[in-house]
Amino acid sequence: MKTKKVSKAVFPVAGLGTRFLPATKSIPKEIMTLVDRPLIQYAIDEARAAGIKEFIFVTSRGKSALEDYFDHAPELESELRRKGKTELLDILKDTNMDSGAIAYVRQNRPMGLGHAVWCARRLIGNEPFAVLLPDDVIAAEKPCLAQMVEAYEQTGGNMVAAMEVPPAKASSYGVLDIAEDMGAIVKAKGMVEKPKAEEAPSNLAVIGRYILSPSVLTKLNRMKQGVGGEIQLTDAIAEEIGSKDGGVYGYRFRGQRYDCGSKAGFLQATVAFGMARPDLRDEFTAYLHNTIAQQKAAQ
Ligand code: UTP
């Protein structure tokens, strides 16, 4: 299928991050570090690997640390250069964005994810775009968004990353109602935001990666507040189902997703990423084994 290239990505980072209070009173959640990189860096790297060239941040008050993070740091860089610390300079390179590649729009009040995406409408224009929620961190051999872009080239329309969850957990997610299951790709005939366990139409939950048609923005224009009094992105995407040139597809990505918006998920990700890092693996894994052995012995 002939699809337009997905070259823009929206990163909604205007939420309050209340689950991480008091830290998020002064630190944006997206700047919190998983091993030694802020959450937002993982999302940016994933977007770059999928061919994204323009990065749109939907920010809010108190997020200036996030904007500074992607700026050049001339004093730091010249000091590292003077000391011959080329490895550290290389690490910093990933944090520098080309001039004009990154744009910020403000969401004045946290009125929901749908509203946050809508705030970026003028920068998105009339082309398909990706949305990445930085608190969903996905460890995968081929980065999740790159997998989705490949699948999207077959389907067009709208694509959401989907993951199987137990029924009791469905009420924390948007859940797909499946019309046709084609393996990795499913065609949706409905989408429900945070259904009760007994009302969930399937066990396929939507997580924070999307490729959306610009017509979703038109739907968001008309959106009223949904579940939780927020303007829900899920509701606008659900309206795309059945549209002639659109449709909504779920994509069962290959990889492990960590919900770094929750404390337990963040800790799990820290352990997994720490154990996967060649420079930390041996020491950290030995420490974990010892700690568990000591706990067992004490029981
Ligand atoms: P969450 O549902 O995790 O909300 O948002 P939150 O405010 O970040 O965190 P809690 O629940 O209070 O702890 C998912 C993503 O959507 C963004 C958030 O920044 C996060 O990346 N978001 C949410 C917005 O940008 N604006 C909103 O109005 C709501």
Could you list all residues from segment 19-31 that are part of a loop (DSSP other than H, G, I, E, B) and within 12 Å of the ligand (Cβ to nearest atom)?
L21, P28
Residues L39, L34, L16: which one is crowded, with 18+ Cβ neighbours inside 10 Å, within 11 Å of the ligand (Cβ to nearest atom), within 19 Å of the chain's Cα centre (by Cα) and at negative phi?
L39
G228 fails exactly one of (1) modelled with pLDDT under 95; (2) more than 11 Å from the ligand (Cβ to nearest atom); (3) not in a loop (DSSP other than H, G, I, E, B), namely (2)
Quick count over segment 108-158, residues being within 10 Å of the ligand (Cβ to nearest atom) and charged (D, E, K, R), is 3
Any strands (runs of 3 or more DSSP E) falling wholly within segment 51-158 and containing at least 1 residues that are among the aromatic types (F, W, Y) and under 15 Å from I40 (Cβ atoms):
54-59, 102-106
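Kindly evaluate K53 against the criterion of being under 30 Å from G246 (Cα atoms) and out of contact with any helix residue (DSSP H, G or I) (no Cβ under 7 Å at 6 or more places or on another chain). Explain how you work it out, then say what you get.
On the way: under 30 Å from G246 (Cα atoms): yes; out of contact with any helix residue (DSSP H, G or I) (no Cβ under 7 Å at 6 or more places or on another chain): yes.
Spelling it out, K53 is indeed under 30 Å from G246 (Cα atoms) and out of contact with any helix residue (DSSP H, G or I) (no Cβ under 7 Å at 6 or more places or on another chain).
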Going through (1) under 22 Å from Y249 (Cα atoms); (2) part of a helix (DSSP H, G or I) one by one, V192 fails only at (2)
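The values are calculated or read from the model by the stated rules, or taken from the named source; none is laboratory data. Since this is a predicted model, take the numbers as computed values, not measurements. Methodologically, a virtual Cβ is constructed for each residue, glycine included, from the backbone with ideal geometry; neighbour enumeration extends over all protein chains shown.
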